[in-house]
Amino acid sequence: MTRKTKPKPVSDYFVHTSVLLAEAIEYLNIRPGLTYVDLTCGLGGHLKAIENKLKEQNGLNASNLIAIDQDSEAISFARSQVSDLVRFRQANFADLTDVLEELQVPCVDGGILVDLGVSSYQLAKPERGFSFDNNGPLDMRMNLDNILTASDVVNNYNEIDLANLIYEYSDEVLSRQIAYQIVNNRPINTTSELAQIVRNCYAKKYGHGFKPKINPATKTFQAIRIEVNAELRNINKMLTQAQAVLTKNARLVVISFHGLEDRLVKDFFRQTKIHRNKYPSGQDKASIDEPLWLSLTKKPVIPQKKEILANIRARSAKLRAGEKLV
Ligand SMILES: C[S@@+](CC[C@H](N)C(=O)[O-])C[C@H]1O[C@@H](n2cnc3c(N)ncnc32)[C@H](O)[C@@H]1O
């Protein structure tokens with residue numbers, strides 16, 4: 001008789017530490033009774049801290065804390081970390097308005113937190129195929145119901161499209177060489193095979209003694225992950241919807257992990273709206289460029305050295321926060 005092995009619980013894969021935790025909570029400016037949404041609850045680290053802050057103020061009720069993630073495994077774990085009052089939805093944050101409509105939440109008057117990228121759990125679990133350190137299938141889907149996988153991108157995209165996406169989504173200077181080698185080594189089945197192809201390109205270009213500061217596969221993996229999960233398109237959609245649902249004085253806090261994400265957030269907070277003053281006759285008097293957001297972080301907040309020493313994943317994190325003005 002074969003004995004079924006039980007799947008390992010999420011917590012067996014790694015120790016999870018939320019990035020810029022105290023800073024995120026401070027910028028959310030949590031006030032009792034207002035509604036808060038964690039759009040990327042992951043393993044519930046930030047979510048738990050928001051819940052605690054609301055509880056401290058006797059401000060948690062059955063409808064004012066909402067947690068979203070597109071990863072069903074993350075949702076199950078986060079659910080076990082907080083009280084039953086927190087409402088969970090497995091969804092893409094690009095569908096924020098639909099989720100809120102379904103939950104009958106007309107607007108968000110407290111704040112929204114977004115902690116972008118992959119979770120340490122997704123990276124640590126080899127079967128999810130995100131990591132060049134843990135060999136696994138080429139998957140990289142944050143939502144396991146999605147159709148496109150890293151294997152489809154690596155094995156089916158043409159060489160030019162591959163080179164372009166690797167360059168655009170990661171600034172990889174060897175994008176063309178890497179795309180050429182990927183196409184000529186197909187089929188590629190595992191994360192280790194892909195990482196080796198990238199390493200070979202670096203060795204060919206810079207010599208075998210070359211010691212890069214970070215694993216040469218980092219950028220290529222990032223680019224393929226962004227493509228698989230349509231990350232930049234979803235961030236843009238989410239920001240537009242966050243703007244629509246947040247009320248005046250509500251806050252938006254976003255933690256990003258690479259320049260492309262941070263640029264979208266920075267530009268978002270700089271948006272203005274042309275306000276036309278009119279004469280009673282209806283003629284234009286003057287046009288004023290009105291800011292839509294009060295940026296609370298003129299420069300992005302970055303982790304202190306001691307946080308980076310304790311959690312290397314924090315090294316590229318940047319937090320930006322804004323308060324809605326209109
Ligand atoms: C860095 S982790 C969040 C960690 C979390 N803040 C914590 O303290 O445990 C990022 C999470 O965002 C989720 N995510 C990324 N893009 C998403 C999207 N478009 N919609 C919903 N969730 C997304 C990932 O599945 C992952 O669980």
### Query
Applying the selection to the range 253-306, what residues are β-branched (Val, Ile, Thr), loosely packed, with under 13 Cβ neighbours inside 10 Å and out of contact with any Pro (no Cβ under 9 Å at 6 or more places or on another chain)?
274, 288
### Summary
Selection from the range 77-94 of residues surrounded by 17 or more Cβ atoms within 10 Å (Cβ to Cβ), closer than 30 Å to residue 326 by Cβ and without any contact (Cβ under 8 Å) to a residue 40 or more places away in the chain yields 86, 89, 91
### Query
Which one is nearest to residue 231 (Cα to Cα), of the residues in the range 251-275 that are touching a residue at least 40 places away in the same chain (Cβ under 8 Å) and among the aliphatic types (A, V, I, L, M)?
260
### Summary
Inside the range 277-301, the number of residues satisfying the requirement of being in contact (Cβ under 8 Å) with a residue 24 or more places away in the chain and either part of a loop (DSSP other than H, G, I, E, B) or not assigned by TED's automatic domain parsing to the domain that holds residue 255 (or both) is 4
## Note on the structure
Residue count, the range 165-191, condition in contact with an Asp or Glu (Cβ under 7 Å, 6 or more places away or on another chain) and of a type in the set (Phe, Trp, Tyr), comes to 2
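Checking the conditions here, which among 230, 250 is crowded, with 22+ Cβ neighbours inside 10 Å, within 30 Å of residue 50 (Cβ to Cβ) and either within 13 Å of the ligand (Cβ to nearest atom) or in the same structural domain as residue 18 (by TED's automatic domain parsing) (or both)? If you could, list the steps in order and put the result at the bottom.
Numbers: 230 fails: crowded, with 22+ Cβ neighbours inside 10 Å.
Every option except 250 fails the conditions.
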### Summary
When residue 27 is run through (1) at pLDDT 95 or above; (2) more than 8 Å from the ligand (Cβ to nearest atom); (3) part of a loop (DSSP other than H, G, I, E, B), the failure sits at (3)
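Being within 9 Å of the ligand (Cβ to nearest atom), in contact with a strand residue (DSSP E or B) (Cβ under 6 Å, 6 or more places away or on another chain) and under 22 Å from residue 29 (Cα atoms): is that true of residue 114 here? It would help to see each step written out before you state the result.
On the way: within 9 Å of the ligand (Cβ to nearest atom): yes; in contact with a strand residue (DSSP E or B) (Cβ under 6 Å, 6 or more places away or on another chain): yes; under 22 Å from residue 29 (Cα atoms): yes.
Considered against the rule, which asks whether it is within 9 Å of the ligand (Cβ to nearest atom), in contact with a strand residue (DSSP E or B) (Cβ under 6 Å, 6 or more places away or on another chain) and under 22 Å from residue 29 (Cα atoms), residue 114 comes out as yes.
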### Summary
If we take the range 39-146, then strands (runs of 3 or more DSSP E) inside it with 1 or more residues that are hydroxyl-bearing (Ser, Thr, Tyr) are none
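The values are calculated or read from the model by the stated rules, or taken from the named source; none is laboratory data. Treat the numbers as computed from the prediction; the structure is a model and nothing was measured. Positions of Cβ are generated from backbone atoms using ideal geometry, with glycine treated the same way; all protein chains shown enter the neighbour counts.
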